[in-house]
1. I need the full set of residues from the range 173-184 which are surrounded by fewer than 21 Cβ atoms within 10 Å (Cβ to Cβ) and within 28 Å of GLN256 (Cα to Cα), in order please.
2. Do we find a residue being among the small types (Gly, Ala, Ser) and surrounded by fewer than 20 Cβ atoms within 10 Å (Cβ to Cβ) anywhere in the range 342-355?
3. For the range 301-313, state whether one or more residues are within 16 Å of ligand 2 (Cβ to nearest atom), surrounded by 16 or more Cβ atoms within 10 Å (Cβ to Cβ) and not small (Gly, Ala, Ser).
4. Residue by residue through the range 122-154, note down the ones that are among the hydroxyl-bearing types (Ser, Thr, Tyr) and more than 13 Å from the chain's Cα centre (by Cα).
5. Just to verify a result, which residue in the range 223-256, among those that are within 10 Å of ligand 1 (Cβ to nearest atom) and either over 26 Å from the mean Cα position of the chain (by Cα) or of a type in the set (A, V, I, L, M) (or both), is surrounded by the most Cβ atoms within 10 Å (Cβ to Cβ)?
6. Looking at LEU58, LEU77 in this structure, which one is within 14 Å of ligand 2 (Cβ to nearest atom) and within 19 Å of ILE120 (Cα to Cα)?
7. Pairs only if they're at least six apart or on different chains, beta carbon under 8 angstrom, first in the range 343-358 and in contact (Cβ under 8 Å) with a residue 40 or more places away in the chain and among the hydroxyl-bearing types (Ser, Thr, Tyr), second within 8 Å of ligand 2 (Cβ to nearest atom) and not in a helix (DSSP H, G or I); list them, first residue then second.
8. Return the residues of the range 260-299 that are under 23 Å from SER190 (Cα atoms), among the hydrophobic types (A, V, I, L, M, F, W, C) and more than 16 Å from ligand 1 (Cβ to nearest atom); say none if nothing qualifies.
Amino acid sequence: MSIVRDKSLWQSGERKIEWVKANMPLLSGLEKEFAAQKPFGGLRIALSVHLEAKTAYLCRVLAAGGAEMYVTGSNPLSTQDDVAAALERGGINVFALHGASEEEYFSHLKAVIEAKPNIIIDDGGDLVNIIHNEYPFLIENVLGGCEETTTGIIRLKAMEKSGKLKFPMMAVNNAECKYLFDNRYGTGQSVWNGINRTTNLVVAGKKAVVAGYGWCGKGVAMRAKGLGADVIVTEIDPIKAMEAKMEGFTVLPMEQAAKIGDFFITVTGCKDVITEKSIKNMKDGAILCNAGHFNVEINIGDLEKNAIKIYERRDNITGYVMSDGRCINLLAQGRLVNLAAGDGHPAEIMDMSFAIQALSAKYIAENRGKLKTGVNSVPAEIDKNVAKRKLACWGITIDELTAEQEEYLGSFNV
Ligand code: NAD
Ligand code: SAH
């Protein structure tokens with residue numbers, strides 16, 4: 001059983017999957033190992049991750065390991081219908097439509113939960129929330145799950161604290177081979193790719209306001225600087241604000257940054273980072289986009305409320321004309337600009353993130369019954385294993401400690 005937009009699109013989806021596969025050597029290696037070992041034999045996996053080509057390849061790797069896969073997207077605008085069609089044609093159960101309504105989006109999440117999964121792979125916490133709230137009778141089937149992103153981990157920790165989380169979850173986002181590369185370099189590159197391909201405007205010499213200087217914000221600010229922008233950071237954490245300052249960026253409150261910015265990128269995981277208080281001060285032509293979480297960081301209701309006209313200016317650009325004639329532009333409906341108006345992080349980056357996912361899922365299968373109910377760290381051996389494999393792919397070798405050095409580093413003596 002599957003729900004996809006148009007099965008005839010499969011060839012285009014297959015080409016996209018073939019391209020990423022050629023650039024995801026870690027997953028290719030795991031596909032071969034899993035095909036031989038079948039770590040997921042007899043297990044059902046429910047997955048909700050942005051359904052584009054790299055995710056499709058992860059699904060095939062898990063299926064090669066013996067898993068019966070039930071797959072949906074994690075954002076209504078990041079699903080690519082041709083990729084979904086290709087996956088479905090290959091025998092994987094897919095429930096995903098690009099541009100799904102709120103109701104459709106949630107019905108697809110429920111469809112993969114109703115498959116009674118043994119392992120859950122989540123991105124943002126929707127699957128885990130729904131199974132706990134609406135399908136508590138299915139929890140007994142779940143050996144454990146993996147969470148892909150920062151906001152998902154925050155939600156899981158809140159559930160754990162209140163005693164509501166009833167099975168083990170692996171904090172994939174918090175693995176070093178995930179956030180240090182995916183959140184920083186992946187978001188840094190793919191956000192500007194999304195903005196550039198959508199707007200086709202110059203960045204050099206303009207003011208880019210980055211809200212949030214966490215791992216994603218650092219990447220977005222770094223690449224904005226590389227493109228020649230004058231970078232302004234807004235923060236609520238004094239230490240992160242100091243880091244931005246020492247990196248050479250201007251640090252301002254949003255209400256002040258609003259008056260001078262050309263591009264605004266929110267990457268905080270927080271809501272209402274841009275509201276009417278800032279919008280009323282923005283310049284004509286300001287470009288607003290979000291790369292953080294769902295569509296809550298920019299208050300779209302405030303944009304609508306203050307606009308006398310709203311119209312589509314280009315694909316993925318909505319113009320909000322204010323009563324004083326200024327037009328404020330919102331990209332990709334305020335949803336993740338890199339995924340809703342692009343293909344997300346590059347293949348080589350998702351190769352690392354998804355190798356952590358695949359090995360964490362295998363760890364759950366191998367350690368069934370032994371993991372702590374609650375949030376579990378990805379074991380350091382998995383992290384090191386992924387880094388070593390990636391270095392090997394690039395033909396990079398590194399030094400090893402001698403026995404004397406190891407003793408020296410582990411001793412109190414000078
Ligand atoms: P992080 O915790 O490292 O950074 C978030 C930063 O935002 C923190 O420094 C925090 O102090 C700051 N912040 C919080 N509220 C703020 C506010 N109101 N104004 C200004 N700053 C504020 O998290 P991260 O790993 O950088 O992730 C940020 C968000 O991006 C999360 O929602 C995460 O799930 C998402 N994410 C998106 C992508 C993508 O592909 N677009 C990739 C990874 C993570
Ligand atoms: N579902 C939420 C959660 C944020 S998603 C939302 O849509 O707002 C952020 C995650 O997307 C990141 O942790 C990153 O690992 C993942 N991501 C980025 N590029 C991707 C890609 N090309 N394919 C699949 N996932 C990707």
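The values are calculated or read from the model by the stated rules, or taken from the named source; none is laboratory data. Predicted model only: the values in this text are computed from it and were never measured. Cβ: placed from backbone, ideal geometry, glycine included. Neighbour counts: every protein chain shown.
1. ARG184 - this is the single residue of the range 173-184 that is surrounded by fewer than 21 Cβ atoms within 10 Å (Cβ to Cβ) and within 28 Å of GLN256 (Cα to Cα).
2. No, that holds for no residue.
3. No - not one qualifying residue is present in the range 301-313.
4. Passing the criteria: only TYR135.
5. Going through the qualifying residues, I end up with VAL233.
6. Only one candidate qualifies: LEU58.
7. Cβ pairs passing all conditions: SER353/GLU148; SER353/HIS345.
8. ALA286, ILE287
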